[in-house]
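K.L.:
Would you mind keeping the following structure in view while I ask a few things?
The values are calculated or read from the model by the stated rules, or taken from the named source; none is laboratory data. Quick caveat, the model's predicted, so the values are computed rather than measured. For neighbour counting, all protein chains shown are included, and Cβ atoms are generated from backbone atoms with ideal geometry for every residue, glycine included.
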Amino acid sequence: MPIALDRWLSRPKGIWRGRALPVLLRMRLRPETRRDMIRLGSDYGGWWIPSAVLAKNRLAYCAGVGEDMSFDRALLDRGLIVRTFDPTPRAIEYVRQQGLPTERFSFDPVGWWGEETTLRFYAPENASHVSHSVVNLQNTTSFFEAEVAPVQRFIDQYGDRDIALVKMDIEGAEHEVIEALLQTEVRPLVIAVEFDDPQTTRVVSTTAALRTAGYQLVKIERWNYTYAHSELDRTVGSQA
C-alpha cells in the first residue's frame, strides 16, 4: 500500500536518498489531459492555455510584463479585454512604447501581493535582466519601492466581473497572491502562473488549494503551470 505523502514528508531528512522526494511530489503535480491546449506568445513569454477560454470580449488579467508582451498581444488579437500590471520602471517604459489599443487594454504600474502596502522589489543579479522580486529570489541588495495590492483591489477599482483568465509571472509573490485570491469569491476560468519558488512542496500545497477550489492542473511547461476551473467547459461560447 502506498505511503501517504504527508507521512513521507514528516520523515527525518536523512531518510531521503537520490530523487525519492522530487518523484513523490511530481506524482502530486501530474497534469490532467485537455485536447484544446494551445500556446500563445513567444518562446520566452508564451503560455499554454485552453482555447475554450478565448472567447471575444472576455477579460484577462496579466501580471508581470517584463519586456515581453507577446502573450498580452495574442489575447488582444483574439478579441479579449486585457488588463496588465507591472511596477518595474523598465516594464513601465516598455509598455508605454507599445501603443496598444486603449479601448480593450489598460495598464497599472502596481505589483500584486496578498494585501495593499508598499514593498521593496529587489533587482536580479544580472543587471541586463528586467524582473525584480519582492521576496528577493536572488539575494541582492539593490531595490526600488512600489505599491502592491491583491487582485480584488483591481476588480473593485474597475468594477470587473467574470474574469476569464489570470496570468501571473511575479517572481516569487505568486503563492501569497493565489492564497488571497482564493479567499474571495472570484474564480477565473483559467489561472496561469510561473512558480519561482524552488520549494516543490510549496507548489504542491498551492496546487492542492487550487484543486480544492475547483481547478485542475492541465499543463506544466518548465515552471509555468496552467489550471482550468471546472466551470470553463460549461461557459464555452457564453461570451462569444
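K.L.:
Only one of these is on the phi < 0 side of the Ramachandran plot, of a type in the set (D, E, K, R) and in contact with a helix residue (DSSP H, G or I) (Cβ under 8 Å, 6 or more places away or on another chain): Asp197, Asp169. Name it.
P.N.:
After ruling out the rest, the residue left standing is Asp197.
K.L.:
Something else now. Arg211 is checked against (1) part of a loop (DSSP other than H, G, I, E, B); (2) surrounded by fewer than 16 Cβ atoms within 10 Å (Cβ to Cβ); (3) not polar (S, T, N, Q) and fails just one. What number does that condition carry?
P.N.:
All conditions are met except number (1).
K.L.:
Another question, if that's okay. Could you check, for the stretch 56-66, whether at least one of its residues is of a type in the set (Phe, Trp, Tyr) and within 23 Å of His175 (Cβ to Cβ)?
P.N.:
yes
K.L.:
Only one of these conditions is not met by Ser128: (1) in contact (Cβ under 8 Å) with a residue 24 or more places away in the chain; (2) farther than 27 Å from Gln183 by Cβ. Which number is it?
P.N.:
(1)
K.L.:
Provide a single number: the residues in the stretch 148-200 that are touching a residue at least 40 places away in the same chain (Cβ under 8 Å), among the aromatic types (Phe, Trp, Tyr) and either assigned to a strand (DSSP E or B) or over 17 Å from Leu80 (Cα atoms) (or both).
P.N.:
Selection size over the stretch 148-200: 1.
K.L.:
OK, next. Quickly run through the stretch 88-125 and pick out the residues that are acidic (Asp, Glu) and farther than 23 Å from Ile178 by Cα.
P.N.:
Passing the criteria: Glu93, Glu103, Glu125.
K.L.:
Okay, moving on. Going through the stretch 41-93 one residue at a time, which ones are over 16 Å from the mean Cα position of the chain (by Cα) and assigned to a helix (DSSP H, G or I)?
P.N.:
Ser51, Ala52, Arg73, Ala74, Leu76, Asp77, Pro89, Arg90, Ala91, Ile92, Glu93
K.L.:
Looking at (1) assigned to a loop (DSSP other than H, G, I, E, B); (2) at pLDDT 95 or above, which is the one condition that is false for Gln216?
P.N.:
(1)
K.L.:
Of the residues Arg222, Arg211, Arg202, which is assigned by TED's automatic domain parsing to the domain that holds Thr88, more than 24 Å from Phe71 (Cα to Cα) and either at pLDDT below 95 or touching a Cys at 6+ places or on another chain (Cβ under 9 Å) (or both)?
P.N.:
Of the residues listed, the single one that is assigned by TED's automatic domain parsing to the domain that holds Thr88, more than 24 Å from Phe71 (Cα to Cα) and either at pLDDT below 95 or touching a Cys at 6+ places or on another chain (Cβ under 9 Å) (or both) is Arg202.
K.L.:
Hey, Gly111 hits all of (1) out of contact with any helix residue (DSSP H, G or I) (no Cβ under 7 Å at 6 or more places or on another chain); (2) without any contact (Cβ under 8 Å) to a residue 60 or more places away in the chain but one; which does it fall short on?
P.N.:
So Gly111 meets the others, but not (2).
K.L.:
Which one of Ala164, Ala74 is within 22 Å of Trp47 (Cβ to Cβ), modelled with pLDDT of 95 or more and out of contact with any helix residue (DSSP H, G or I) (no Cβ under 9 Å at 6 or more places or on another chain)?
P.N.:
Ala74 is the lone residue from the list that is within 22 Å of Trp47 (Cβ to Cβ), modelled with pLDDT of 95 or more and out of contact with any helix residue (DSSP H, G or I) (no Cβ under 9 Å at 6 or more places or on another chain).
K.L.:
Sticking with this one: Under 7 Å between Cβ atoms, which residue pairs at least 6 apart in sequence (or on different chains) link something in the stretch 50-66 that is in contact (Cβ under 8 Å) with a residue 12 or more places away in the chain with a partner that is assigned to a strand (DSSP E or B) and hydroxyl-bearing (Ser, Thr, Tyr)?
P.N.:
Between residues of the stretch 50-66 that are in contact (Cβ under 8 Å) with a residue 12 or more places away in the chain and residues that are assigned to a strand (DSSP E or B) and hydroxyl-bearing (Ser, Thr, Tyr), the close pairs are Cys62/Thr84; Val65/Thr84.
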